[in-house]
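Below is one structure; the comments refer to it alone.
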Amino acid sequence: MSYLVPTASGAEINKIYLDPVNKKRLLFTPNRAIPMSFAAIFTIFLIVSPLVTSSSLTFTGNLPTAYEILAGYNFPIGILPQGVTGYTLDKTTGEFSAFLNGSCSISEEGSYQLEYKSTIRGYISDSRLESLSGVSVKVLFFWLNIVEVIRNEDELVFSVGVASANFPIGNFSESPQCGWGLNCNDVELVTKLRSNPFVSSF
């Protein structure tokens, strides 16, 4: 069987075919014939493969974490809980998704309650998170979705659509812990937010 292969210059045509007598692949140019054995092809494969693999691993290893992405958009890491397992980000549109192992609740008696779904979605730009889904806060007897977060100098403004509340940026210097699994709603963890400003917004 023969194949037509363009040369490096593009000006000549090479032919590769199987020699039925010697059982070798022969590479023919107009001036010469070079036998290409299986050993030679295998050697080239061994040389090229590690280079490709190494390049892929380097890219994966250098991928920033979700918390580093937040910092790059001028947000503190504490607006996400610990345990983010991965994320997607379209740098052109700012559309993102962040993934947790399961739903997560953070609460303090007499204060506020937050709930994170296993997938958090929205759009991110410098100092602004909008069209959020997957994060909600309990106001009085109702759970309301946090739809927007804006950084205004040293404060974060959280909006639930009908109301908003401001918090000092220092309250979010560290990511809070939360409980996982079926019993996560029974876990009460102390946070730095000691009141529920959303209530006073109504």
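The values are calculated or read from the model by the stated rules, or taken from the named source; none is laboratory data. Model, not experiment: these values are computed from the prediction. So basically every Cβ, Gly included, is an ideal-geometry build from the backbone, and we count neighbours across all protein chains shown.
Quick rundown of the values:
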item	result
Qualifying strands (runs of 3 or more DSSP E) (wholly inside region 77-137; at least 1 residues being among the charged types (D, E, K, R), assigned by TED's automatic domain parsing to the domain that holds residue 154 and at pLDDT 95 or above)	95-99, 113-125
Answer residue from region 108-136, given it is out of contact with any Ser or Thr (no Cβ under 7 Å at 6 or more places or on another chain) and farther than 22 Å from residue 85 by Cα and is surrounded by the most Cβ atoms within 10 Å (Cβ to Cβ) among those	112
Enumeration of residues in region 139-190 that are part of a strand (DSSP E or B), of a type in the set (A, V, I, L, M) and at pLDDT 90 or above	144, 149, 150, 156, 157, 165
Residues of region 60-95 classified as of a type in the set (Asp, Glu) and in contact with a Lys or Arg (Cβ under 9 Å, 6 or more places away or on another chain), total	1
Test result for residue 112, among the hydroxyl-bearing types (Ser, Thr, Tyr), closer than 22 Å to residue 169 by Cβ and touching a Cys at 6+ places or on another chain (Cβ under 6 Å)	no
Failed condition for residue 193, given (1) surrounded by 14 or more Cβ atoms within 10 Å (Cβ to Cβ); (2) modelled with pLDDT of 85 or more; (3) more than 23 Å from the chain's Cα centre (by Cα)	(2)
